[in-house]
Every structure is written in structure tokens, then in C-alpha cells.
Amino acid sequence: MTHPLLDVRNLKTYFYLRRGVVKAVDGVSFRLNRGEALGIVGESGSGKTMTALSILRLVPYPGKIVGGEIIFKGRDLLKLTEKEMRHIRGKEISLIFQDPQNSLNPVFTVGWQVGEAIELHSEGKPLWDRIIEKVINILRGVGIPRVEDRVNDYPHEFSGGQKQRIMIGMSISNNPDIIIADEPTTALDVTIQAQIIDLLKDLRSRYNSSIILIAHNMGLVSELCDNVAVMYAGRIVEYGSIEEIFNDPLHPYTRMLLRCIPRTDIDVDKLESIPGEPPDPVNPPSGCRFHPRCPYAKEECKRDPIYIENIDGHMAVCELYRR
Ligand SMILES: Nc1ncnc2c1ncn2[C@@H]1O[C@H](COP(=O)(O)OP(=O)(O)O)[C@@H](O)[C@H]1O
Ligand SMILES: [Mg+2]
């Protein structure tokens, strides 16, 4: 068996607050192969961003990775020094943030910013002219029109969609093994969203990069991903291929998420949302954390451990399938 490119095992990232401990990521495990696109979906607050930030060891204070392993190319990232991690970030694993508006620095030209990202991870010190040549190629590759005239423009001179393209360009500038895109289209309108997903698809086929696409609904994920992990309250409740998740969802939460895919052909206010509230992260429900909102909940669902159904790698953590 070949080793996966990334193997996240029982990852736990907790926030230590005065009112208690928030188990933002609570025993998350998944694997990512080279060239694979994995979707991580779940409502807001389910721990998607903290999973991504944990992989890069960028969890903000008072959060802390308290357990697990993150094996990347055979090494546990949690055991590396900060200096070794700096080499991984942006070069081997890059992150595209939710909000390009706040991720580009307003006081530097985009050419300078993309160039700096390249220079940071270059051997020796390449001439700036060479770097700018590379920047122009990258920005052309992500679909910025008239790039030669625009490298010296500032972020505010670009549209939201273009800024996200620049961010994506920056994140692929060092040919990373893994691109993590955290809701990369949330701030953009529907047409631009589709274009950004097309761009990621294109980059994936050009460079065979692995992608982790984080989203709060299934719609965008279905366009790009091979496999999907569904998160609820800090845990993965279902994992499977995109076909299995769409055609035969097992977990009641996944079924509800599938009913919430925004469609352009229906009124936004007729869109179904999931009934009930996400749990209090400091005092989550016992057993299956979804049980208070689950129409099929029974007594067993309140107790740990919850049954894990696994049919050829399509996995769901749910008592409904205990025989
Ligand atoms: N800075 C923080 N301080 C305290 N708790 C936080 C902080 N950031 C995130 N959390 C907690 O971690 C949980 C997961 O957050 P996050 O990973 O950002 O969710 P998602 O990306 O799925 O919307 C949240 O429910 C929240 O309670
Ligand atoms: Mg998030």
C-alpha cells in the first residue's frame, strides 16, 4: 500500500476559555492522496477552519493542538520545529483564505506581494526581474487580464473575484503539494464562484496538486472533489466518495446538508435550512453531538461510543446502522 500524502490522525484542537474548553476539533482523522481533492463540509462553527489551521500549525491563541498526528510525506508536522514549519507553509502546503479582501496587503502592489512569496522560498537570491517574470506568468495562469500592465497595481484596483485569483496565484506560486482553500468563494457572487472553482479544477489538472476544499454546503464541493468529509461540532460524522455521499448519504446530518444546497432556480427564502441550533461548543451533547437535532435519535445516541458504519470506506458515525 502506498502512503497517503497527508494522514491526519485523531487531531484535537481545543480552545481554553474562561467559561470552559471548546473542543473545536475533537478527534478528526482523514487521509489525502496525491492529486486528490477532498471536500470538508459542515455548518459554520463545526471546526473546518481550525482543522485547516491545525495542519499548518497556525491555530490562534487561546487555541492549542492537544493531540493527534499530522503525517505529511512521512513526517509528523506536530513534531517539527517552527523553522521547519515555515518551510512547509506556503511552499509545500498553502492556504487560500476565506476573505481575499483582508489577506492582501493594501499598501503593496500585487506584483510585489506575489513576488515576495516566491522569493521567500527560492534558493539563493534570484534577480527581481526574474521573479517578476514568474509573477506575470502566474497571474496570467490564474486569469488576470492584461497582466503586464497590472503587476504594479494595488489590491484595491482589482475586483473581488480578481483578488481571489491573485490569492490563488500566490498560493500556487511555489508548486505546493497541497492547496487548502477555506471557503474561497464565500465573499463572491455566484458566477464568480463558479469561475474560481473552474480555476481550481484547472490548476489541479495542470499541476496534479492535492486540494482540500472547505465549504459550508455541498454545492461547490460536488464540482471539484473526489471525496467528502462531513463535519459536525468538531468531528467527522460521515466520509465517502462524492458519488456515495450524494447518492446514498448515511448520516441524517449529511442528508439535511444535501437539502440545503443553494440553487439558482429557487427563491433564497424558500431554501431549506437545518432545523435547530448548532450545539454550545463548551457543553456539547453527549454521544452523537447531532442527537438533539436528529429526527431519528434514540436513547443509544446519547451514549458514547457511537456505532461506526463502514461499507468499503464509506463511513458514517451513527447508531441507525447498528445491527
Ligand atoms: N478565537 C477563538 N476563540 C475561541 N473559540 C474559537 C475561536 N475560533 C474558533 N473557536 C471555536 O472553534 C469552533 C470551530 O471554529 P471554526 O473551525 O472556525 O469553524 P468553521 O470553520 O467550521 O466555521 C467554533 O465553534 C468556535 O467555538
Ligand atoms: Mg471557517
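Any read-out appearing in this document is the output of simple, stated calculations on the displayed coordinates, not a laboratory observation. For clarity, every value in this text was computed on a predicted model and none was experimentally measured. Counting neighbours? That spans all protein chains shown, and the Cβs are built from the backbone with ideal geometry, glycine included.
Remark on Gly287: its backbone amide H falls under 5 Å from those of Asp304, a criterion applied only to residues 5 or more positions apart or on other chains, H modelled at 1.01 Å from N. For Glu299 and Val66, the difference between the fully extended length at 0.36 nm per residue and the C-alpha to C-alpha distance is 80.8 nm. Phi angles across the range 240-252 convert, under the Karplus curve 6.51 cos²θ - 1.76 cosθ + 1.60 with θ = phi - 60°, into 3J(HN,Hα) values of x, 5, 4, 5, 5, 5, 7, 8, 9, x, 9, 6, x Hz, Gly and Pro given as x.
Hey, what's the per residue convex hull volume over the C-alpha atoms of the range 104-172, in cubic angstrom?
Numbers: hull volume 5.4 nm³, N = 69.
For the range 104-172, the hull spanned by Cα atoms encloses 78 Å³ per residue.
Straight-line cross-link partners of Lys125 among the aspartates and glutamates, defined as a Cα under 12 Å from its Cα and at least 8 positions apart when in the same chain: Glu116. Computed from backbone phi with θ = phi - 60° and the Karplus coefficients 6.51, -1.76 and 1.60, the 3J(HN,Hα) list for the range 114-126 is 5, x, 5, 4, 6, 4, 4, 10, 8, 6, x, 9, x Hz; x is used for glycine and proline. Close amide H pairs (under 5 Å, H built 1.01 Å from N) link Tyr232 with Val237, residues at least 5 positions away or on another chain. Put in line by how crowded their Cβ is, counting other Cβ atoms within 10 Å and starting with the fewest, Cys318, Cys301 read Cys301, Cys318.
For the chain, what does -39500 (n - 2.57) per DSSP helix run (n ≥ 4), summed and divided by total residues, give at 222 nm, in deg cm²/dmol to the nearest 500?
Counting only the DSSP helices, I get -9000 deg cm²/dmol.
Summary of the geometry: the range 34-87 and the range 104-156, compared by the centres of their Cα atoms, lie 27 Å apart. Ignoring lysines fewer than eight residues from Lys79 along the same chain, the ones with Cα atoms less than 26 angstrom from its Cα are Lys12, Lys23, Lys48, Lys64, Lys91. Rounded to whole Å, the principal axis extents of the Cα atoms in the chain read 67, 49, 45, largest first.
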